[in-house]
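The structure under discussion appears below in the form of structure tokens.
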Amino acid sequence: MPAILLKSRFFYGGIGAIFALATLHGPLAKAQEPGPELRALLQAQQARMDEQAKVLAEQNQVIQNQGKVLEEQANLIKRLSPGGETEKTSTNDISPRPLEAKPLPGFSPPRSGLDLTAPSELIADTLALPKKPVKDDGMMAVWGNDGRLTFKSADGSTTSRLGGMFQLDGGWYLVSTETNKLLNKPLEQGSDLRRLRLRSDGIAYDYLEWVVEFDLSRAADYKDIAASNNPEPNVMMNNIFFGVRDIPFFGTWRVGHIKEELSFYSASSGRNFPFMERPAVWDAIEDPYVFSNGFTVSNTYFDDLLYTWIGFFQTNTRTGAFAVNPNGSYAFDVRACIMPIYEDDGKKWLNIGATGSFRANPDLLTGDNRPTVMGSNVQPQIRTGSSIQVPALINPGAITTNDGTQLFTVCYNQGYGPWTIGAQYDGQQIANATTTRTDNKLEMLAPAGNLYFQGASF
């Protein structure tokens, strides 16, 4: 019947024509009309498509909201990063205020993905944003591995350390009376606070360095001040200098009261020296010149294979870090060493070096305007008293010369795990020397010619 009514709108013939068309098309129309099951299936599919369209519309809205939140948090991270702009909350308050990341309605992010409700710093880590150094003017205090109080800046460019050390020695000698009579002072049992040092050192902004170290115990100073017009201080000055590191070509510059690196034993600090004591030849030749006022330049080459060091100093400034001299007594040192082996974080190493020192001598010890050589005295390595109580095993007496003195050292030192071996040669040249002698109970100068003191240790 629907087909008859449809066709009647387009054909205006007689009743017979209409009847004929109805007869032809009626069965086809009935055959094409869907049954109840098909109609129900189509309706269900239509409802499902409508539901999916609604879900897609909701997801589109969720994605738009998510994009807005990500943009807000990106702006927040930019403001919180160094150099970023801060969010102004008032005309007088420009402190950064974190934006709250609200959870999206109807959206649950996967566990392994980005949590939009997390703090901004966690979101930055999740997004793998580039890490920038945190600007912090404060210092953090910690105890260092060496037992010293250490202050560090947040970026690690500035470090300052404060600490100290002390050494208490005791000794007992079994010496005959006849042997003690041969010495200027007897070998006796006793004890001494050999070192009592306070030290502060550090690095500022990766390039500046400083060291301040002094000794409150004079027992460490076995060499009296040579010039009679310089008073002996109650505090011994050790390393007190200021330096600049990593200067192109020149390396490190230092100025102040500095240890003269005359050998491996002089250059090594007592805090990490690999032997129980420095050798007697070091005590005789190098120790009188171990600290002086001056400046040094040092550098390393070929990936730390070669090390060079030069220094220019005022002589006779070992203990008190001061001296006056009308003739300008100075010293020039040069040292070079190679380290062909340095493995396992310093457990295996080899150091071979040589040093030369060319020195004028301080004046007026004997009152005759002849510069005095710092004497090559040898004292026992086990010392039980201060410098005025310990005898000299070898004492050549006062030696003077107008030609200065020269020192030479050659060193070989090697470490292998807990074992360390060392060998060293020291020599001291004194040209046109004079010595004191007693003639009819009168002390007078006597020509001694060219003198050369030497010694070795192993």
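Here are a few things to note about the model shown:
- Condition check for Asp206: surrounded by 17 or more Cβ atoms within 10 Å (Cβ to Cβ), modelled with pLDDT of 85 or more, under 26 Å from Trp143 (Cα atoms) and in contact with an Asp or Glu (Cβ under 8 Å, 6 or more places away or on another chain): no
- Scanning segment 323-358 for residues that are modelled with pLDDT under 90, surrounded by 15 or more Cβ atoms within 10 Å (Cβ to Cβ) and not polar (S, T, N, Q) yields Ala323, Tyr330.
- Members of segment 280-300 found to be at pLDDT 95 or above and in a helix (DSSP H, G or I), listed by number: none
- A single entry from Ile394, Ile430, Ile382 fulfils the requirement of being modelled with pLDDT of 85 or more, out of contact with any Lys or Arg (no Cβ under 8 Å at 6 or more places or on another chain) and of a type in the set (Val, Ile, Thr): Ile430.
- Exactly one residue out of Leu262, Leu305 is aliphatic (A, V, I, L, M), in contact with a helix residue (DSSP H, G or I) (Cβ under 9 Å, 6 or more places away or on another chain) and over 17 Å from Glu213 (Cα atoms): that is Leu262.
- Given (1) at pLDDT 90 or above; (2) within 25 Å of Asp304 (Cβ to Cβ), index of the condition Leu198 fails: (2)
- Taking the listed residues Asn293, Asn351, the one that is in the same structural domain as Glu209 (by TED's automatic domain parsing) and touching a helix residue (DSSP H, G or I) at 6+ places or on another chain (Cβ under 8 Å) is Asn351, with no other qualifying.
The values are calculated or read from the model by the stated rules, or taken from the named source; none is laboratory data. Worth saying up front: this structure is predicted, and the values here are computed from it rather than measured. As a convention, Cβ positions derive from the backbone with ideal geometry for all residues, glycine included, and neighbour counts pool all protein chains shown.
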